[in-house]
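Trainee: Below you will find the structure I want to go over with you.
The values are calculated or read from the model by the stated rules, or taken from the named source; none is laboratory data. Everything quoted here is computed from the prediction, not taken from an experiment. Every residue, glycine among them, receives a Cβ derived from its backbone with ideal geometry; neighbour counts consider all protein chains shown. Just the protein is used for accessible areas: all its heavy atoms, side chains included, with ligands, DNA and RNA removed. Shrake-Rupley method; radii C 1.70, N 1.55, O 1.52, S 1.80 Å.
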Amino acid sequence: MNLNEMYLAKVIKTKDKAYLYDALSNLIIALPKNIFYNNVIDDRHYYKLIKAENLRDFTQPIEFRIKYPYTNLELFDLIKKNIPSVTLAVTEQCNFRCEYCAYMSKYLKKPFNLDEMSESVLIKAVDTLLNSDYIGKFPPSISFYGGEPLLKFDLIKSCIKYCENNFIYKPNFYITTNGLLLDNEHIIDFLIENNFYLTISLDGPQSTHDKYRLQSNGQPSFKKVFKNMVKLYKSNPAFFKEHVQFNAVVSPTTGTVEQFEFLENLCQLGVTLIDCTVTDYFSKLLEKEQPTAKNETIKAQKNFLVKKSILKNMQKYHTSLNNSAFQQDIFPGGFCVPATRKNFVTTGGKIIVCEKVNENETSYQIGDVFCGVDFNRVENLINKAVEKTQRCKNCWAAKFCSICFKDIFSLTDEFCDKSRNIVEKDLVYYLENIKNNKKLTNYIENLSIG
């Protein structure tokens, strides 16, 4: 049987075995050696297998039905009741010029066309939380984002004062900062006093960090940021341990082994969480699979911090493959429910889906702070996503694909081929390293979801 003639199924080959993955039921079936050899499935033994295991015939045409999981009425109710957080882009201004920054194109234009949020827009943005049914039941979350948000410290202080006067439950406050202004004791005292949760951008050791994260004057930034980090720790070690995390951008050109060793050492010193991300900027470099970068990535997989990240990624495979059920109606990928998770407010007051989407794409603009979330705009975005993902109805990897709203206007065959390749590699890793390892499966099962 030709493997390309199977529908919503895929043969997954590990080092010493072959498995048949049924995307409709999330079943993974070990193939006996007398069925699969030389990349061919023996027809005679194949039909004996599907009869014995009570499986569907994978040669019979079938496809997913792409369907959004909520009706309009359910969606409206979700949006009305579940606006637990807002992210405020208080400024596009920054005291860094990071090569991979999304705003870098604006920095290169002279004069700079960089906006700042007014206090009136900020108050209206916070009011979108106050008008949600969610408020009064649980503390909401407010995140400050930039640019460098601490450049608008006075605006942040105004926000906290407004919240103190208007919220039943004091919100949880979050801020993403490059750390350069944390030498200011007044700022540190304020953040600690108001129980802020800080995400500090730190890409690794000095050689890694300073390659891409330069100050606006062109000077390196690592020594200053690290000094400020130590100062923050000494100010209040307990706060540092419970409220500070680091975001590291993984780059293929700066020695990932050294980078991860540095980050792991920070973990051992008491940092509770480090989030490692790969930006679109570096994804394009990684796709070229430069020999040095590829070898460094393989070496880095032995690092404990990297292993933890891999295991968290394995959670979705472990959960799905151990809770198999026939499911033909799907909405592929990792789509959220717009307006209920990460409402991102631009400096001018537009509400967009999250900080990852292109804020200039009008379909992502689901409202504004003056009128709130526009349900019709949300519905229109979802309809476009359903339309764009019709191509997923014949894809065996659709349930595990990472596609979300940020991808729907740039979907290409190349994107889909890459996604299927990632899912296949992940399944191979799961089958070879996780599936029969009780210690690792227990670890995965006890991971929090989020």
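Trainee: Do you know which residues across the stretch 317-331 are in a strand (DSSP E or B) and in contact with a helix residue (DSSP H, G or I) (Cβ under 8 Å, 6 or more places away or on another chain)?
Mentor: The answer is I330, and nothing else.
Trainee: Quick one: which residue in S309, S324 is open to solvent by 60 Å² or more (accessible area, probe 1.4 Å), at pLDDT below 90 and of a type in the set (S, T, Y)?
Mentor: Only one candidate passes the filter, namely S309.
Trainee: Just give me the residues in the stretch 393-422 being within 21 Å of M6 (Cβ to Cβ), out of contact with any strand residue (DSSP E or B) (no Cβ under 9 Å at 6 or more places or on another chain), buried (at least 20 other Cβ atoms within 10 Å of the Cβ) and not hydroxyl-bearing (S, T, Y), in sequence order.
Mentor: C395, F400, C401
Trainee: Given K439, K425, K435, which one is of a type outside the set (G, A, S), at pLDDT below 95, touching a His at 6+ places or on another chain (Cβ under 9 Å) and open to solvent by 70 Å² or more (accessible area, probe 1.4 Å)?
Mentor: Of the residues listed, the single one that is of a type outside the set (G, A, S), at pLDDT below 95, touching a His at 6+ places or on another chain (Cβ under 9 Å) and open to solvent by 70 Å² or more (accessible area, probe 1.4 Å) is K435.
Trainee: Right, next: Does any residue in the stretch 223-242 that is in a helix (DSSP H, G or I) come within less than 9 Å, Cβ to Cβ, of a residue that is open to solvent by 50 Å² or more (accessible area, probe 1.4 Å) and among the hydrophobic types (A, V, I, L, M, F, W, C) six or more places away or on a different chain, and which pairs are these?
Mentor: From residues that are in a helix (DSSP H, G or I), the pairs are Y233/L269.
Trainee: Something else about it: Which condition breaks for L78 when tested against (1) crowded, with 19+ Cβ neighbours inside 10 Å; (2) hydrophobic (A, V, I, L, M, F, W, C); (3) within 24 Å of the chain's Cα centre (by Cα); (4) not in a loop (DSSP other than H, G, I, E, B)?
Mentor: (1)
Trainee: Taking the stretch 150-172 as the search range and keeping residues that are without any contact (Cβ under 8 Å) to a residue 60 or more places away in the chain and buried (at least 20 other Cβ atoms within 10 Å of the Cβ), which one is farthest from K227 (Cα to Cα)?
Mentor: It comes out as P171.
Trainee: If you take the residues in the stretch 131-185 that are assigned to a helix (DSSP H, G or I) and of a type in the set (S, T, Y), which one is farthest from Q245 (Cα to Cα)?
Mentor: Per the stated criteria, the residue is Y162.
Trainee: If I ask for residues that are open to solvent by 30 Å² or more (accessible area, probe 1.4 Å), modelled with pLDDT under 95 and of a type in the set (G, A, S), which ones from the stretch 103-135 would you list?
Mentor: Correct list: S105 only.
Trainee: Could you tell me which of the residues D189, D210 is farther than 30 Å from F370 by Cβ, surrounded by fewer than 20 Cβ atoms within 10 Å (Cβ to Cβ) and over 25 Å from the mean Cα position of the chain (by Cα)?
Mentor: D189
Trainee: Within the stretch 365-388, can one find any residue that is open to solvent by 50 Å² or more (accessible area, probe 1.4 Å) and in contact with a Cys (Cβ under 9 Å, 6 or more places away or on another chain)?
Mentor: no
Trainee: Pairs under 6 Å by beta carbon, first residue within 15 Å of A339 (Cα to Cα) in the stretch 60-78, partner surrounded by 11 or more Cβ atoms within 10 Å (Cβ to Cβ), six or more apart or different chains?
Mentor: F76/F375; L78/V337; L78/T340
Trainee: Of the conditions (1) in contact (Cβ under 8 Å) with a residue 12 or more places away in the chain; (2) not in a helix (DSSP H, G or I), L49 satisfies every one except a single condition; which number is it?
Mentor: Single failed check for L49: (2).
Per-residue answers, yes or no, for (1) in contact with an Asp or Glu (Cβ under 7 Å, 6 or more places away or on another chain); (2) within 26 Å of A125 (Cα to Cα):
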| site | (1), (2) |
| --- | --- |
| M314 | no, no |
| F335 | no, yes |
| T346 | yes, yes |
| C354 | no, yes |
| E359 | no, yes |
| T362 | no, yes |
| I366 | yes, yes |
| V373 | no, yes |
| I408 | no, no |
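Trainee: Could you please find all residues in the stretch 413-450 being over 30 Å from Q390 (Cβ atoms), within 20 Å of the chain's Cα centre (by Cα) and β-branched (V, I, T)?
Mentor: I444
Trainee: Using the structure shown, decide if L122 is within 27 Å of C101 (Cβ to Cβ), aliphatic (A, V, I, L, M), in contact with a Cys (Cβ under 6 Å, 6 or more places away or on another chain) and not in a strand (DSSP E or B).
Mentor: yes
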